[in-house]
Structures are given as C-alpha cells and as structure tokens.
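Enquirer: Dropping a structure here in structure tokens format, bear with me for questions.
The values are calculated or read from the model by the stated rules, or taken from the named source; none is laboratory data. Since this is a predicted model, take the numbers as computed values, not measurements. All Cβ positions, glycine included, derive from the backbone under ideal geometry; neighbour counts span all protein chains shown. When the accessible area is computed, the model is the full protein with side chains, heavy atoms only, and any ligands, DNA or RNA have been set aside. Shrake-Rupley method; radii C 1.70, N 1.55, O 1.52, S 1.80 Å.
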Amino acid sequence: MVAVESPRLETAARALELQGVGRRFGGLAAVRDVSLALEPGERRAIIGPNGAGKTTLFNLVTGELRPTAGTIRFFGRDVTALPPHQRVRLGLARTYQTPLVFPRLTVRDNLYLAVRGVRPWRLSLRAPRPGDPEFAVVAELAERVGLRHALSALAGALSHGEQRQLEIAMALASRPKLLLLDEPAAGLSPAERESLAALLGSLDPTMTVLLIEHDMDVAFQVAQRVTVLHEGSVIAEGTPEAIASDPRVRAVYLGGTHGE
Amino acid sequence: MSVRRALTIVVLLLSVSFPFWGSPYFVGRIFTPALFLGVIALSLSLLAGFGGMVSLAQMTIAGLAGYGYGYLTVTLGQPWWLGILGGLLVAALAAALFGLIAVRSSGIYFLMITLALGMVVYALANQNRSVFGGHTGILGIRAPELFGQSLAERTVFYYLCLGVGLASYAYVRYLARTPFGLALQALRDEPRRLAALGYHVALHRVAAFTLAGFLAGIGGLLAVWYNGAISPTTIDLTRLINVMVIAVIGGLAYAEGAFLGALVFVLVTNFASSFTQRFNTVIGLVFLSTVLLSPEGLSGLLDRLARAVRRRIRPGAALPQRFPTE
Ligand SMILES: Nc1ncnc2c1ncn2[C@@H]1O[C@H](COP(=O)(O)OP(=O)(O)O)[C@@H](O)[C@H]1O
Ligand SMILES: [Mg+2]
C-alpha cells in the first residue's frame, strides 16, 4: 500500500487530491478513507471487482454524491461542497458506466448542449444559426469520435458503442482539465475498443485522465499508474506491472485462490 | 409541401377569415374562449412536454394575472396598461415562487405540490377581501380601450385572441430550438447528464416555470377581459383540472394540442350542457377515451394520420422529421 502523505503546500500542483474520502449508504461503507493524488497530465486507472465502490468514488469526485468524510481538491481548490455543474465549469468532465445521452435529441443537439454548457449564456433564448461557431466545434467533435455521419440522428437511435462515443465527445466538449471515464470499454466490440484506445491515445497530453476499467488489459494499456479498490478501500497503487504481480491484488481481484 | 405545412396554411386561412363566415356565437362563444384557454393549456404543454413538469397550477397563475389586472384597474383605478404589466408581473413572480417550491420534486409529487399551491391561492382568494374581494371576487373588469375602441368587442377580441394564440404557439415552437428549450428537453430525460455538462438544473426548472407562468398570465388576462370579472371559482379545483384535461386531450407534447384540446373542450361543455346537466361526465368520457385510444392526444392521432397519408402519396418517403417529443 502506498501512503499518500505530502506537505499541504504541494497540493496546489495536484490535478486531483482526495484525502480520507468516505461515503456511507446507511450501514454500507461504499467508499472508505480513500486518499488519492493525480498529477496534472497523469493517466490513472482504477480497477476493482464489481461493487468495490469505483462508480461511487466517481460520483464523489463529480459532486453527484456528497462524501460523508474527507476532502476533495481540484487543482488545489477545495471542491468538496461544490455542486456538480460548478465542478464541470472548473474543468471536470465525466462519462457514465451506462452511456447517458439525451435520447430524444439529435446527436448534433446533444453535442451543442455540451459545448454550450461551460459557456456563458448557456440558456440563451435565441435560436442558434447554422453559422454559429459552436457548430464548427460540434462537427469537429463528431468527426473525432466518428459520428459525423450521424449528426442528425436521434441519440436514442444510436448503437451502444456509438452512444459511448457520443458521450465521450460530450465530455470533451467542455475542454476538461480532468476527464473521468467510467468503464469506457464495457460492451464495446473489439473494433470499437480499438478506436476507443486510439481516441484516448490522441487526447491532449496535458489532460488528466482517471478511468475505471474492469478489464485489466485495457486499463494497463492506457494508464501509467493503477489504483486498486476493494470493498471501498484502496488496497494497492503502483505501475501496471507492479499491480499485476501484487499478491493481494491477485487474491481479491484476479480471483487467485490463495491469498497472502 | 408537407402535409403539416398544407394543414397549417388551411388552418391559418380558416381562422383568419372565420368572423366573415362563422356565426357570431361560434366566433364569440366557442373559438374565442378556445383560444385563450389554449394559451393557458399551452403553458402546461411547454412545462410537461418539454420539461417533464406536469403542473396543476397553471390556471391559478393565469387567475393571479386576472386578479392583478382587476385589482389595479378596478380597485385602485389605475390605467389598463399598468394593469397588464402588473398582472403579468404577478403571474411571473407567483410562478417563480411556485417553481422554487416545487422543482426539487418530480412526477406525481410535482403534480401534488402544484395542486396544493393552487388550493392555497384559492383559499386565500376566498378569504381575503381587501385585495381579492373574497367570495365575490372583483367585478366590473373592463378590457383596454384603444383609439376609443374596446378590445372586448366580439370580432376585435377574436382577432386579439387569435393573434396572441398564434404568437404564443410560434414562440413555443421557436423556444424548442433555443439553448433554453434544448436544455429543457434534455433535463426532462436525463437531468443528471445535463448537470454533468455544466447546467444548473434546478435553476433552469424554475426559469422554465416562470416563463410558462408568464404565458399562462397572458392567457389569464384574455380570460378576465372576456369574463369581465374574476372570482375564486375561476381558480377552483375543477378549473385547475380542466387545463390538464385540455392539454391531455389535445396531446401534451404538441404545442398545437393545447388549442385543439381547448376547442374540443369548449365544444363539448357548450353542447353537452344543452342536453345534459352532466357535461363534466361527458368531458370525463372524452378524456378517458383519449387517454385510452390515443395517449398522445388528438395531435398524436392527427400526426399518425398525416404520416399514413404521406406514405400513401410517396411510399418510401424518408422518415418524418417531427420534433422529437413523444
Ligand atoms: N445510491 C446508492 N445507494 C445505496 N447503495 C449504493 C448506491 N450507489 C452504490 N451503492 C452501493 O455501493 C457499493 C459500491 O457500488 P459502486 O460504486 O457502483 O461499485 P463499482 O462501480 O465499483 O462496481 C455497492 O454495494 C452498491 O450497491
Ligand atoms: Mg461501477
């Protein structure tokens, strides 16, 4: 286990820093005493068996859930009490484990809302015109995730994989400083996985990425460091190689029969 | 030319020329009330169809605009334009307040809270004499006069209601394409997602409720000019529910549904009452059969018919580009 103890002064440089973060649901401690620090530009994977508390941890970082203990800092700023929409405006974007898009709006409008979301006048009462600069961004985002042909389709009519791509494009629309991806490869075909990996590889290297991945192969391909969560707690953190050979990780996660 | 556009042109021509060939009774007693009731119901379609907020308080808000206008012009003797401004302001403020109270809930709870708010205002209007005029309400309310011409004159008033109705309809359709309207539809389906894009969902709900309240207030002004008086009966439980009945019969998710539903409603209440005391039963039956036979209301039915016609004319025509609400 790697203890994340560092002097307070250095925290300003951290993209994300969790200190003693916990969340209880009644009697269940879904996340307990998690401390975690991401350097700007770092690519970190969180792995762990189902129910380990990975998604809950994401919800705490984005503000959709309030922690019952601990503090969360985003580029040095304490955001523990900040509502989700304000964290997004600071540069935090996410995707969901089950793709969450607006099914009865077109792909174009989904992306348009995503682009507008972090800009002033996001609730303008003036209808956009085709020449508005936002649409150039929308087209560029759609191109990047291979959905240019589907701009006029309803998002609800897209395949699972396409909705995933759309969601990633929506997250990128805000030009986030920290991107959280909740099992981005789940349910994708091998071809889709490949284009996902290419997309993640093409991201701005200064962007910090935290991704949950069930599949160790995918996690290890993208991430420089891996954090292992088990029953709400961090049980290991290190390079993919170190994690892959860690006996505790093998015990709880890889289903190894003998522990210790 | 699409079936929809052809239909729009026909409806426009018929409604504009209507006073020239329609009977005074139909112009004044059927279509005129259908138009202002349609505007009030449209405020519900906007909230429910786009925002997923089914409010029972729209008639209350419309009534408050009427009370505001009556209080200012009759009780305080102020000019009509002040009455209009005051009435709309009261409606918008009341809506904002209702919105603040109700936005954190959804579905059936939202419905019940707005109903409770409506009943609170009803009780207040009944008991308060100084402003609301108690049980009697405010009598002798007059529509504005422009160039010595009262707007309440039958044909003039019909055109006023038609103009306001068309403008409201066009505005709501326009609104659907604005960032405000898109975000409203987005929060109807996935509020979490919208918040995760940087939008303040609760604030947006309150804003939408306020905007809809303003629209209801416009309809409420037309109604009070038509009736020449306002009393607690105008905002009692039955009237509150009538707005819902109208919007559902017409099709909640369609802007035109509000007017279609209002027309059916006024027709049924007028003609059913001539042969039976139980026109509420008749309305109830119309409501039930709509919900059972075409949950998308009459507009949904027409929509499906139009698509069928189009498929007949042009088999293999592209999929309809209807506005994507259910
Ligand atoms: N909103 C909630 N209410 C109650 N329990 C929850 C809630 N969200 C998650 N949990 C519980 O917390 C635990 C962790 O869940 P989750 O974070 O989704 O795990 P993971 O994403 O690692 O599979 C599970 O036992 C789950 O049932
Ligand atoms: Mg999960």
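Enquirer: Please list the radius of gyration and Dmax for the stretch A:101-173, considering alpha-carbon atoms only, with Å as the unit.
Expert: 11.4, 33
Enquirer: With equal scatterers on the alpha carbons only and no solvent term, can you work out the Debye log10 of I(q)/I(0) for the stretch A:27-74 at 0.22, 0.25, 0.28, 0.31 1/Å?
Expert: -0.91, -1.15, -1.35, -1.47
Enquirer: Okay, moving on. Whole-Hz ³J(HN,Hα) for each residue in the stretch A:17-34, computed from phi via Karplus 6.51 cos²θ - 1.76 cosθ + 1.60 with θ = phi - 60°, x for glycine and proline: what do you get?
Expert: Working through the residues one at a time gives 9, 9, 10, x, 6, x, 8, 10, 10, x, x, 9, 8, 6, 9, 9, 6, 8 Hz.
Enquirer: Got a sec to turn the phi values of the stretch B:167-182 into Karplus ³J(HN,Hα) couplings, 6.51 cos²θ - 1.76 cosθ + 1.60 with θ = phi - 60°, whole Hz, x for Gly and Pro?
Expert: With coefficients 6.51, -1.76 and 1.60, one gets 5, 4, 4, 4, 5, 5, 5, 5, 4, 4, 9, 7, x, 4, x, 5 Hz.
Enquirer: Further question on the same structure: Charges at C-beta only: +1 for Lys and Arg, -1 for Asp and Glu. How large is the resulting dipole of the protein assembly as shown about its Cα centre, in Debye rounded to 20?
Expert: 1520
Enquirer: Rounded, prolate or oblate: pick one for the protein assembly as shown, where a ≥ b ≥ c are the square roots of the eigenvalues of its C-alpha gyration tensor, a/c under 1.5 means rounded, and failing that, prolate if a/b is larger than b/c, else oblate.
Expert: Because a/c hits 1.5 or more and a/b exceeds b/c, the protein assembly as shown counts as prolate.
Enquirer: So if I place +1 on the C-beta of Lys and Arg and -1 on the C-beta of Asp and Glu, and nothing else carries charge, what would the dipole magnitude of chain A be about its Cα centre? I want it in debye, nearest 20.
Expert: 1080
Enquirer: Another question, if that's okay. Need one number: % antiparallel among DSSP beta bridges in chain A, to the nearest 5.
Expert: The antiparallel proportion sits near 55 percent.
Enquirer: Let me ask you something else. How large is ³J(HN,Hα) for each residue in the stretch B:262-270, as worked out from phi by the Karplus curve 6.51 cos²θ - 1.76 cosθ + 1.60 (θ = phi - 60°), to whole Hz, x for Gly and Pro?
Expert: 5, 5, 4, 4, 5, 4, 5, 5, 5
Enquirer: OK, next. In vacuo Debye scattering of the stretch B:92-203, one point per C-alpha: log10 I(q)/I(0) at q = 0.11, 0.18, 0.20 Å⁻¹?
Expert: Taking Cα atoms of the stretch B:92-203 as identical point scatterers yields -0.66, -1.09, -1.12.
Enquirer: If you don't mind, there's one more thing I want to ask. Could you work out the Kirkwood radius for chain A, taking every pair of different alpha carbons, averaging 1/r and inverting it, reported in Å?
Expert: 19.1
Enquirer: Between B:SER289 and B:TRP81, what length in nm is gained on full extension when 0.36 nm per residue of separation is reduced by their alpha carbon distance?
Expert: Full extension from B:SER289 to B:TRP81 adds 70.6 nm.
Enquirer: Further, regarding this structure: Highest GNM mean-square fluctuation, chain B, Cα pairs closer than 10 Å: which of B:GLU190, B:GLU256, B:GLU153?
Expert: The residue that fluctuates most here is B:GLU190.
Enquirer: For chain A, with the dipole built from +1 on Lys and Arg beta-carbon atoms and -1 on Asp and Glu ones, taken about the Cα centre, which of A:VAL61, A:LEU18, A:SER174 lies farthest toward the positive end?
Expert: A:SER174
Enquirer: OK, next. Name the most mobile residue of A:LEU158, A:LEU172, A:LEU229, meaning the one with the largest mean-square fluctuation, in a Gaussian network model of chain A with Cα contacts below 10 Å.
Expert: A:LEU158
Enquirer: Let me ask another. Specify the angular offset, from 0 to 90 degrees and rounded to the nearest 10, of the alpha carbon long axis of helix A:190-201 from the longest principal axis of the alpha carbons in chain A.
Expert: On a 0 to 90 degree scale, this one is about 90.
Enquirer: A further question follows. With springs only between Cα atoms under 10 Å apart, run a GNM on chain A and tell me which of A:GLY232, A:GLY117, A:GLY22 wobbles the most.
Expert: Top of the fluctuation ranking is A:GLY117.
Enquirer: May I pose another question? Can you list the residues, at least 5 places off or on another chain, whose amide H is less than 5 Å from the amide H of A:HIS230, using H built in the peptide plane?
Expert: Result for A:HIS230 returns A:ILE235.
Enquirer: Round to the nearest 0.05 the FRET efficiency obtained for B:ALA170 and A:SER245 when R0 = 51 Å and r is the Cβ-Cβ distance.
Expert: Numbers: r = 68 Å, r/R0 = 1.33.
For R0 = 51 Å, the calculated efficiency reads 0.15.
Enquirer: Using Cα-only point scatterers and the Debye equation, what is log10 of I(q)/I(0) for the stretch B:197-273 at each q in 0.13, 0.23 Å⁻¹, rounded to two decimals?
Expert: -0.52, -1.26
Enquirer: Taking amide H positions as placed in the peptide plane 1.01 Å from N, state which residues far from A:TYR96 in sequence (5 or more) or on other chains have amide H under 5 Å from it.
Expert: Here A:ASP182 satisfy the definition.
Enquirer: With +1 on each Lys and Arg Cβ and -1 on each Asp and Glu Cβ, and nothing else charged, work out how big the dipole of the stretch A:101-173 is about its Cα centre, in Debye to the nearest 20.
Expert: With only Lys, Arg, Asp and Glu charged at Cβ, the dipole is about 220 debye.
Enquirer: While we're here: Expressed in nm to one decimal, what extension gain is obtained for the pair A:HIS149 and A:GLU39 from 0.36 nm per residue of sequence separation less their Cα-Cα distance?
Expert: Full extension of this stretch gives 35.9 nm more.
Enquirer: If you don't mind, there's one more thing I want to ask. With n ≥ 4 as the cut-off for DSSP H runs, can you work out [θ] at 222 nm for chain B, using -39500 (n - 2.57) per run divided by the number of residues, rounded to the nearest 500? Walk me through the intermediate numbers first.
Expert: Details: 13 runs with 222 residues, N = 326.
Calculated from helices alone, the mean residue ellipticity at 222 nm is -23000 deg cm²/dmol.
Enquirer: Still on this structure, please answer the following. Would you work out what percent of the accessible area of the stretch A:101-173, with all protein chains in place, is carbon or sulfur (probe 1.4 Å)?
Expert: Carbon plus sulfur share of accessible area: 56 percent.
Enquirer: Report the calculated FRET efficiency for B:SER105 and A:ALA81 (r = Cβ-Cβ distance, R0 = 30 Å), to the nearest 0.05.
Expert: Details: r = 23 Å, r/R0 = 0.77.
E between B:SER105 and A:ALA81, to the nearest 0.05, is 0.85.
Enquirer: Compare the peptides A:75-84, B:18-27, B:258-267, B:158-167 by average per-residue count of other Cβ atoms within 10 angstrom and give them in order, highest first.
Expert: B:258-267, B:158-167, A:75-84, B:18-27
Enquirer: Which one of B:PHE209, B:TRP225, B:LEU160 is farthest out on the positive end of the charge dipole of the stretch B:97-252, using unit charges on Cβ (Lys, Arg +1; Asp, Glu -1) and the Cα centre as origin?
Expert: B:PHE209
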